[in-house]
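Q: Have a look at this one.
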Amino acid sequence: MTIEKAAEKLDERLREEPWFTAVGVGTYHNQPALYLYVKKFKGVDLDFVEDGWEGYHVEVRKMGTPRILAR
């Protein structure tokens with residue numbers, strides 16, 4: 001499975017969660033990785049990605065809701 005398809009599947013699984021922001025792709029220690037962005041850690045069960053997702057390492061990062069900057 002490609003990393004893009006793995007990211008898509010993870011997004012589909014989590015998109016209804018109130019703490020979820022986005023899934024991105026990148027590298028971690030020179031290996032392909034998924035980046036899972038969440039609004040908070042407290043009360044969020046992320047054990048299912050502890051060992052990765054669809055064969056890819058998952059890095060979890062805290063991030064607020066994206067918003068457009070006013071000019």
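Please treat every number below as a calculation from the coordinates, not as lab data. All of these numbers come straight from a predicted model, not from anything done at the bench. All Cβ positions, even for glycine, are placed from backbone atoms using ideal geometry, and neighbour counts span all protein chains on display.
Q: Name the lysines eligible as straight-distance cross-link partners of LYS62: C-alpha to C-alpha under 18 Å, and not fewer than 8 places from it in the same chain.
A: Within the straight-line cut-off, LYS62 pairs with LYS39, LYS40, LYS42.
Q: Further, regarding this structure: What number, rounded to the nearest 500 deg cm²/dmol, is the helix-based mean residue ellipticity at 222 nm of the chain, given -39500 (n - 2.57) per DSSP H run of at least four residues and division by all its residues?
A: After summing the helix terms and dividing by the residues of the chain, the value is -5000 deg cm²/dmol.
Q: Follow-up question, since we're still on this one. So how compact is the chain: Cα radius of gyration and Dmax in angstrom?
A: Reported Rg and Dmax, both Å: 12.6, 42.
Q: Looking at the chain, which longest stretch skips every one of the GluC sites (Glu not before Pro) that is in a DSSP loop with at most 12 other Cβ atoms within 10 Å, leaving the sites themselves out?
A: Details: sites that count: GLU16, GLU50.
In short, 17-49.
Q: For helix 3-14, what angle does its Cα long axis make with the longest principal axis of the chain, in degrees from 0 to 90 and rounded to 10?
A: 50
Q: May I ask for the net charge around THR21, where only other residues with Cβ less than 12 Å from the Cβ of THR21 are counted and Lys, Arg are +1 while Asp, Glu are -1? Numbers along the way, then the final one.
A: Working: positive: ARG15, LYS39, LYS40, ARG61, LYS62, ARG67; negative: ASP11, GLU17.
Around THR21, the charge tally is +4.
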